[in-house]
Amino acid sequence: MTDASRQRSKRRPVRRLLGVAMLGVATFALAACTPAPDLAWQPPVRAAVTSFDEAVGDVAGAEPGSTPLDHHRIRDSAPAVDARWTEVPGQTDLNARVRSLVVDAVGAFASRLGTTYEPEAAAAGAGLGSRGCEGGSSSTLAAEVLAQGGATEGEALVITCEIVVASGSEFGERVRVVEGTVGATPAVTRDESFVFFADTATAQQAGGADVITADAALSIWNELVLAARRELGALWDTQVAPPSEANAAVLAKGFADVTPTPDGGLRIGIPAGLLTPEMDVSGGADAAPPISPDGETTLVVGEPISHRFPSIHIAADAAAPMLTDLGRELVAASATPQPLLAGERPLAGERDVNCELFACVALTFDDGPAPITETLLGQLRDHDATATFFLVGPNVQRYPEIARQIDDDGHQLGNHSWSHPQFTTLDDKKIEEEVKKTNDAILAATGERPSVFRPPYGDVDARVLTKVGMPSILWDIDTLDWEGPPHETIVDRGANEAEAGSIILMHDIHDSTVDAVPEILTGLHDRGFVLVTIDQIFGGAPAAGNSYTSAR
Ligand code: NI
């Protein structure tokens, strides 16, 4: 479509409305002899209120990766769930509230479908490396939010979020829960938003309703009706009638989806219960549905406004009298971006990761430490990832500073014996000696006593387990990296074969292995995995006397 033809198609419905209006004007003109209407007149161009983000710009500090925030994402195929949210290091209360909202919504959705949520990794190329809040997700139409989830057919739940203020000690996040059907007959059955504010210095919590005064609702109603009329191409700004009884009931509950905008104004989400008759610019519920300026979108009478029109923006001067003290603080913080004051983020291997919620995977490296391990440690740091290192005693004695660096970086240390023998062929005394010498070497180099053991060649039996006195950690994904396969093969085995709960075996004594790690980390991240240590994947230290191949 050319620009000119788009212009024409945009104007056509407006002309139609204008024609209806002119009929009345012409009848009146005959009687009063007023001048004929100016046929070249065009309605004034106003900014569409749904292009909210263009109006107010990006929120400072909201970009994943640019802040010390914890950006999360989970996806399951049955039930079809795709949820993203952001937590702030050190803000225990805020994080618990946001996370419970997500977990409860997922649980309720799954139970309604008669199933349960289980962490699941997606196929390669899923794009799940994109995590946490997204700028603009508040003003995206619910049907689009639903379509952006992973599901292509049937009932789906999508949870998304937007960071609405992140400046100094003021943090705010809007979490949006959308449910419905995707596929041939798409439908939205739930579109609900929850606003969380926290003062990161005092840990004080607030919600969207705390931003505006109790008597602001009618002013907002007025703004909302005017904005909707403008959006629908109405040509007049006559006085707004009071809300209907049904809408008054919705308004009485107040506006809870209220967030500050960097221009000093407010963004107000439209409550789900508001229906359209008050928005109707074409003459009431019996008339033809109004047509928007793009000539295509019509607002169906009786359809919740929020499905088509998720929010309005109230400019600074109109917003000022509506604000509470907290509202003024948040608007000021939003308008003057400063680095967010947040707690220190723990190292990846020291975080509290719930592997019943996230798709966890444990990378393990055997036979080191070696000089190339230092390169590997840098790669793990760059990818905010962690791993478990099963060390052999003599290498620890040879490279004690590398063993210490592994520990300092928050990774888990494991025992891989002294002389790499087949343990089932050893007598009891020799088994104890192999384990003890290596534990002593690791303790001497790092100050840490390892709590997990990996038998060389995976060779273990009940007697060995008893004598070792530590849990035996095997693997379910073997990259066979020691055989020297092509680069692509190591990457493919490392990134694409794991499932939630998998333990991947690699060796940090081969350059070719370490060369493949960045692509493996990126690939696992893209599939939705969280990289964890052995203790993290088991939700605590696994029990001695047992042998594990995975955490499933
Ligand atoms: Ni080995």
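Where a number appears in this text, it was derived from the coordinates with a stated rule and is not lab data. Quick caveat, the model's predicted, so the values are computed rather than measured. Here Cβ is always computed from backbone atoms with ideal geometry, including for glycine, and neighbour counts include all displayed protein chains.
Could you give the length gained by full extension between Gln379 and Thr489, i.e. 0.36 nm per residue of separation minus their alpha carbon distance, to one decimal place?
37.7 nm
When a/c is below 1.5 the answer is rounded, else prolate if a/b is larger than b/c, else oblate, so apply that to region 342-403 with a ≥ b ≥ c taken from the square roots of the Cα gyration tensor eigenvalues.
Numbers: a/c = 2.48, a/b = 1.79, b/c = 1.38.
Taking the square roots of the gyration eigenvalues as a ≥ b ≥ c, region 342-403 is prolate.
Using alpha carbon centroids, what distance separates region 97-134 and region 450-501, in Å?
Taking the Cα centre of region 450-501 as reference, the centre of region 97-134 is 29 Å away.
Which whole number in µm²/s is D for region 434-552 by Stokes-Einstein, with the Kirkwood Rh taken over Cα pairs at 25 °C and 0.890 mPa s?
Values: Rh = 15.6 Å.
Translational diffusion coefficient: 158 µm²/s.
For His383, His416, which order do you get if you count the other beta carbons within 10 Å of each Cβ and list the fewest first?
Going from least to most buried by this count: His383, His416.
Estimate the FRET efficiency between Ala78 and Asp352 by the formula 1/(1 + (r/R0)^6), using the beta-carbon distance for r and 35 Å for R0, to the nearest 0.05.
0.80
What length, rounded to one decimal in nm, is gained on full extension from Gln204 through to Asp427, with 0.36 nm per residue of separation minus their alpha-carbon distance? Can you show the working numbers first?
On the way: separation 223, 0.36 × 223 = 80.28 nm, distance 6.12 nm.
Gain in length upon complete extension: 74.2 nm.
Can you tell me how much longer the chain between Asp104 and Asp511 gets when fully stretched, taken as 0.36 nm per residue apart minus their C-alpha distance, in nm with one decimal?
Difference between extended and current length: 142.0 nm.
Can you sort Val361, Val452 by how many other beta carbons sit within 10 Å, fewest first?
If I rank by nearby Cβ atoms, fewest first, I get Val452, Val361.
Whose amide H sits under 5 Å from the amide H of Ser547, counting only residues 5 or more places off or on another chain, with H placed in the peptide plane?
HN-HN under 5 Å from Ser547: Ser472.
Sort Arg84, Arg351 by Cβ crowding within 10 Å, fewest neighbours at the top.
Arg351, Arg84
Rounded, prolate or oblate: which one fits region 388-459, using the alpha carbon gyration tensor with axes a ≥ b ≥ c (rounded when a/c is under 1.5, else prolate when a/b beats b/c, else oblate)?
Values: a/c = 2.24, a/b = 1.86, b/c = 1.21.
Since a/c reaches 1.5 and a/b is larger than b/c, the shape of region 388-459 is classed as prolate.
Quote the FRET efficiency, to the nearest 0.05, computed for Glu519 versus Gln239 with a Förster distance R0 of 60 Å and r equal to the Cβ-Cβ distance.
For Glu519 and Gln239, the calculated efficiency is 0.40.
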